[in-house]
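Take a look at the structure below.
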Ligand SMILES: Nc1ncnc2c1ncn2[C@@H]1O[C@H](COP(=O)(O)OP(=O)(O)OP(=O)(O)O)[C@@H](O)[C@H]1O
Ligand SMILES: [Mg+2]
């Protein structure tokens, strides 16, 4: 019930798809993620349809508990749908066992977490190379690539540092370099700037912009309205559903130039 006694309708689910012509990178069909706790059921995702296409730049917003992280975790193959289908690069992830899914994830996805998730015992260079450990055929030039990425994110002179010897912004840069070492099709970030000051956040978002201009597909979760406008499209979550999809001024600008 809403405050004035009128029954509140649950949000009408919409499909998130730009309708563009580039190939779908990630596609959800009626995806649900249901947590069962005793006889209670939480519908963290309640019938999500979406298509993210090559080169698109999306942000995801919505109230706390609306399912943003759950959505990103399923997209990142860190979790699986309870119902519905997830196609990643044309492959039905529901058909894959856990090993095959890890391999697919290590080839196609880069994931950036709010809390960085670096391995404390490893230095910067080795942390960046971690995703390559999950590949059955890691590239021969993996270390060279990791060094290049470290330089690119401004940490070329910190390769031997352990995470505890870095600032928060530097740790997040390591995490970004790590997310790119496998040259992923899709880069996912969950509140990547949530723990950083505004100057450092802007630098991280500038890096996302650069990746976008290089053609990467990027999806990030944020609770800050101003940050969400950096993307081309904003997907608004509510109660486990997509309730709105909006194009940003940035997209209009890109289309005009
Ligand atoms: N492991 C879990 N077990 C049970 N319920 C869960 C679990 N993880 C999430 N949930 C529930 O699923 C719903 C969606 O959670 P989710 O973490 O996706 O929200 P969110 O939009 O990312 O929120 P926030 O902005 O606070 O990070 C919430 O109601 C949450 O309590
Ligand atoms: Mg979250």
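The values are calculated or read from the model by the stated rules, or taken from the named source; none is laboratory data. Worth saying up front: this structure is predicted, and the values here are computed from it rather than measured. Ideal geometry is used to build each Cβ from the backbone, glycine not excepted, and the neighbour counts take in all protein chains shown.
Examine the range 57-70 for a residue that is out of contact with any helix residue (DSSP H, G or I) (no Cβ under 6 Å at 6 or more places or on another chain), more than 16 Å from ligand 1 (Cβ to nearest atom) and touching a residue at least 40 places away in the same chain (Cβ under 8 Å), and state whether such a residue exists.
Scanning the range 57-70, I find no residue that is out of contact with any helix residue (DSSP H, G or I) (no Cβ under 6 Å at 6 or more places or on another chain), more than 16 Å from ligand 1 (Cβ to nearest atom) and touching a residue at least 40 places away in the same chain (Cβ under 8 Å), so the answer is no.
So, in the range 203-216, how many residues would count as being in contact with a helix residue (DSSP H, G or I) (Cβ under 9 Å, 6 or more places away or on another chain) and either under 11 Å from residue 187 (Cα atoms) or within 16 Å of ligand 2 (Cβ to nearest atom) (or both)?
Within the range 203-216, residues that are in contact with a helix residue (DSSP H, G or I) (Cβ under 9 Å, 6 or more places away or on another chain) and either under 11 Å from residue 187 (Cα atoms) or within 16 Å of ligand 2 (Cβ to nearest atom) (or both) number 3.
Here is a yes/no grid of residues against (1) at pLDDT 95 or above; (2) in contact with a strand residue (DSSP E or B) (Cβ under 9 Å, 6 or more places away or on another chain); (3) more than 25 Å from residue 27 (Cα to Cα):
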{"position": "157", "(1), (2), (3)": "yes, no, yes"}
{"position": "184", "(1), (2), (3)": "no, yes, no"}
{"position": "193", "(1), (2), (3)": "no, yes, yes"}
{"position": "197", "(1), (2), (3)": "no, no, yes"}
{"position": "201", "(1), (2), (3)": "no, no, yes"}
{"position": "208", "(1), (2), (3)": "no, yes, no"}
{"position": "215", "(1), (2), (3)": "no, no, no"}
{"position": "218", "(1), (2), (3)": "yes, yes, no"}
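Check whether at least one residue in the range 104-126 is farther than 21 Å from residue 219 by Cβ and under 18 Å from the mean Cα position of the chain (by Cα), and report yes or no.
Looking through the range 104-126, at least one residue is farther than 21 Å from residue 219 by Cβ and under 18 Å from the mean Cα position of the chain (by Cα).
Residue by residue, here is whether (1) without any contact (Cβ under 8 Å) to a residue 60 or more places away in the chain; (2) closer than 30 Å to residue 156 by Cβ holds:
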{"position": "84", "(1), (2)": "yes, no"}
{"position": "87", "(1), (2)": "no, no"}
{"position": "110", "(1), (2)": "no, yes"}
{"position": "122", "(1), (2)": "yes, yes"}
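Hey, among the residues in the range 20-38 that are modelled with pLDDT under 95 and within 12 Å of ligand 1 (Cβ to nearest atom), which one's surrounded by the fewest Cβ atoms within 10 Å (Cβ to Cβ)?
Ranking the qualifying residues of the range 20-38, first place goes to 38.
Taking the range 85-108, which residues are touching a strand residue (DSSP E or B) at 6+ places or on another chain (Cβ under 8 Å), away from ligand 1 (no atom under 16 Å from the Cβ) and modelled with pLDDT of 95 or more?
85, 87, 88, 92, 93, 94
Looking at the range 16-44, I want the residues that are over 17 Å from residue 69 (Cβ atoms) and have a partner that is surrounded by 12 or more Cβ atoms within 10 Å (Cβ to Cβ) and modelled with pLDDT under 95 with Cβ atoms under 7 Å, at least 6 apart or on another chain. Which pairs are those?
25/89; 25/185
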